[in-house]
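Take a look at the structure below.
The values are calculated or read from the model by the stated rules, or taken from the named source; none is laboratory data. A quick note: this is a predicted structure, and the numbers were derived from the prediction, not measured. Positions of Cβ are generated from backbone atoms using ideal geometry, with glycine treated the same way; all protein chains shown enter the neighbour counts. Remember, those area values only see protein heavy atoms, side chains included, never the ligands or the DNA or RNA. Shrake-Rupley method; radii C 1.70, N 1.55, O 1.52, S 1.80 Å.
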Amino acid sequence: LDILDIDIAQSRTSNRLKVRTAKKQPAFSSFADDVSTGLSATPKTLPPRYFYDKAGSELFEEICNSPEYYPTDCEREIIDDNMHEIAQAFDSETCIVELGSGSSVKTELILKAFMHLNGRLEYVPIDISKSMLVESSRKLLRKYNKLHITALAADYQTALDHLRQNRTDRKLILFLGSSIGNFTADEQIAFLSGIREDMDESDRLLIGIDLIKDRDILESAYNDSRGITARFNLNLLHRINRELDSDFNLDAFQHQAHLNEKKGRVEMHLRSLEDQTVTIDALYKEFRFTENETIHTENSYKFTRQQILDLAFDSGFTVDTSWYDRKQWFSVNLFHPV
Ligand SMILES: C[S@@+](CC[C@H](N)C(=O)[O-])C[C@H]1O[C@@H](n2cnc3c(N)ncnc32)[C@H](O)[C@@H]1O
């Protein structure tokens with residue numbers, strides 16, 4: 001597998017930090033291909049994983065701290081209230097693997113509970129955003145001297161392939177922030193079934209899943225009053241301008257987010273405010289937009305409790321325990337392979 005160890009510059013934590021980067025990052029070529037395919041489709045789309053360059057990852061952290069974005073607060077409350085119960089279900093050999101770890105802020109609570117019980121802990125955060133991955137790993141290591149980190153700067157699939165070939169001890173896999181909701185129903189089952197295949201009987205998956213609720217609450221979470229989500233969404237066009245030499249005028253597109261009730265998901269779009277043509281030099285292509293035409297940039301599916309049970313069942317799991325916040329807006333679920 002194309003995985004390469006990189007050297008971390010001299011630092012106080014370097015002997016407890018390994019960073020592994022996929023040699024073939026899904027960088028230029030696949031970004032260019034995906035942009036070309038997405039903008040040639042009807043309706044136009046762009047894959048949400050490209051939100052997370054350095055600027056996008058920082059904007060996502062700001063979204064998490066905005067008062068309207070309830071998922072982070074609800075999930076933190078659930079973890080805070082139940083981390084000891086979670087940690088007690090695992091022995092001292094357990095390693096924690098996290099998919100899409102981001103800033104690891106909520107995860108820190110779980111890591112702390114594990115170290116409190118068992119001492120030394122091996123943590124394997126996986127994220128496509130290398131800057132965020134390295135920064136948050138270093139921050140954690142400076143605080144906890146019993147923590148050892150192998151950070152995988154790679155997309156989920158590459159990292160999972162790597163883990164398959166480098167089996168660890170007992171694993172608790174974390175997938176927080178309702179990132180599962182960014183996949184379509186078929187993709188959710190395929191993704192979780194893939195994870196399931198590599199799990200041993202004693203491994204567990206702890207997965208944060210957002211629940212369906214009133215339109216107003218959902219729509220204001222994705223339309224925060226300070227316009228951070230709008231900047232996050234528009235940053236995708238900025239990234240295409242920067243990395244693929246295009247001439248998107250960011251003032252000629254507008255962030256839009258709404259609940260699609262029939263499909264049970266919040267959709268994010270970028271709406272063209274006028275008829276316009278955009279040139280992407282790296283693709284030698286032009287793309288025409290009519291006024292009000294949108295680029296569909298993200299889905300965030302919201303679940304009923306029954307849908308969570310069905311998702312677990314269809315992917316080869318049963319649900320051990322589900323925890324909820326006091327408002328019952330969000331859930332954290334411990335999945336057990338069957
Ligand atoms: C919605 S954020 C959630 C972050 C964090 N888990 C939380 O709960 O706040 C999604 C995270 O997954 C990462 N990510 C998105 N798509 C990815 C992919 N295909 N492979 C690896 N990481 C990905 C992003 O960089 C980002 O840090």
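Could you tell me how many of the residues in region 235-248 are among the aliphatic types (A, V, I, L, M) and open to solvent by 30 Å² or more (accessible area, probe 1.4 Å)?
Applying the first criterion (among the aliphatic types (A, V, I, L, M)) to region 235-248 yields 236-237, 240, 244.
With the extra rule that they be open to solvent by 30 Å² or more (accessible area, probe 1.4 Å), the set shrinks to none.
Selection size over region 235-248: 0.
Report the residue count in region 24-46 for those that are at pLDDT 95 or above and part of a loop (DSSP other than H, G, I, E, B).
4
Within region 277-296, how many residues turn out to be hydroxyl-bearing (Ser, Thr, Tyr), part of a strand (DSSP E or B) and without any contact (Cβ under 8 Å) to a residue 12 or more places away in the chain? Full working, then the answer.
So in region 277-296, the residues hydroxyl-bearing (Ser, Thr, Tyr) come out as 277, 279, 284, 290, 294.
Next, only the ones that are part of a strand (DSSP E or B) stay: 277, 279, 294.
Now drop any that are not without any contact (Cβ under 8 Å) to a residue 12 or more places away in the chain, which leaves none.
Number satisfying all stated conditions: 0.
When you go through (1) buried (at least 16 other Cβ atoms within 10 Å of the Cβ); (2) within 12 Å of the ligand (Cβ to nearest atom) one by one for residue 96, which number turns out not to apply?
The number of the failed condition is (2).
Of all residues being open to solvent by 40 Å² or more (accessible area, probe 1.4 Å) and not polar (S, T, N, Q) in region 220-234, which is farthest from the ligand (Cβ to nearest atom)? Just the residue, please. Before the answer, list the steps.
First pass over region 220-234, keeping only residues open to solvent by 40 Å² or more (accessible area, probe 1.4 Å): 220, 223, 225-226, 231.
Those left that are additionally not polar (S, T, N, Q): 226, 231.
On the way: 226: 18, 231: 16 Å.
Ranking the candidates gives 226 first.
Count, please, the residues in region 102-144 that happen to be of a type in the set (A, V, I, L, M, F, W, C), near the ligand (Cβ under 9 Å from one of its atoms) and open to solvent by less than 10 Å² (accessible area, probe 1.4 Å).
Step one: list which residues in region 102-144 are of a type in the set (A, V, I, L, M, F, W, C), which gives 105, 109-111, 113-115, 117, 121, 124, 126, 128, 132-134, 140-141.
Checking the rest, the ones that are also near the ligand (Cβ under 9 Å from one of its atoms) come to 105, 126, 128, 132-133.
Still in the running and open to solvent by less than 10 Å² (accessible area, probe 1.4 Å): 126, 133.
Adding up the residues that qualify gives 2.
Residues in region 297-314: is at least one among the hydrophobic types (A, V, I, L, M, F, W, C), without any contact (Cβ under 8 Å) to a residue 40 or more places away in the chain and in a strand (DSSP E or B)?
No, every residue in region 297-314 fails to be among the hydrophobic types (A, V, I, L, M, F, W, C), without any contact (Cβ under 8 Å) to a residue 40 or more places away in the chain and in a strand (DSSP E or B).
For residue 297, work out the one condition from (1) under 30 Å from residue 210 (Cβ atoms); (2) surrounded by fewer than 16 Cβ atoms within 10 Å (Cβ to Cβ) it doesn't fulfil.
(2) is the only condition that residue 297 fails.
When residues of region 195-219 are filtered for being touching a helix residue (DSSP H, G or I) at 6+ places or on another chain (Cβ under 9 Å), open to solvent by 30 Å² or more (accessible area, probe 1.4 Å) and part of a helix (DSSP H, G or I), how many remain?
Total meeting the criteria: 2.
Residue check: is residue 257 of a type in the set (Gly, Ala, Ser), farther than 30 Å from residue 203 by Cα, touching a residue at least 12 places away in the same chain (Cβ under 8 Å) and not in a strand (DSSP E or B)? Before you say what the answer is, go through the steps one by one.
Working: of a type in the set (Gly, Ala, Ser): yes; farther than 30 Å from residue 203 by Cα: yes; touching a residue at least 12 places away in the same chain (Cβ under 8 Å): yes; not in a strand (DSSP E or B): no.
In short, no.
When the residues of region 32-82 are narrowed to those that are within 15 Å of the ligand (Cβ to nearest atom), within 30 Å of residue 201 (Cα to Cα) and more than 16 Å from the chain's Cα centre (by Cα), which ends up most open to solvent (accessible area, probe 1.4 Å)?
80
Which ones in region 145-180 are away from the ligand (no atom under 14 Å from the Cβ), of a type in the set (Ser, Thr, Tyr) and open to solvent by 40 Å² or more (accessible area, probe 1.4 Å)?
Quick first cut of region 145-180, residues away from the ligand (no atom under 14 Å from the Cβ) only: 145-150, 164-172.
Cutting the leftovers down to of a type in the set (Ser, Thr, Tyr) gives us 150, 168.
If the condition is that a residue be away from the ligand (no atom under 14 Å from the Cβ), of a type in the set (Ser, Thr, Tyr) and open to solvent by 40 Å² or more (accessible area, probe 1.4 Å), then 168 is the only one that fits.
Would you check if there is a residue in region 186-203 being among the β-branched types (Val, Ile, Thr) and at pLDDT 95 or above? Spell out how you get there, then give the answer.
Initial filter on region 186-203 (among the β-branched types (Val, Ile, Thr)): 189, 195.
Retained after the next criterion (residues that are at pLDDT 95 or above): 189, 195.
Yes: region 186-203 contains one or more residues that are among the β-branched types (Val, Ile, Thr) and at pLDDT 95 or above.
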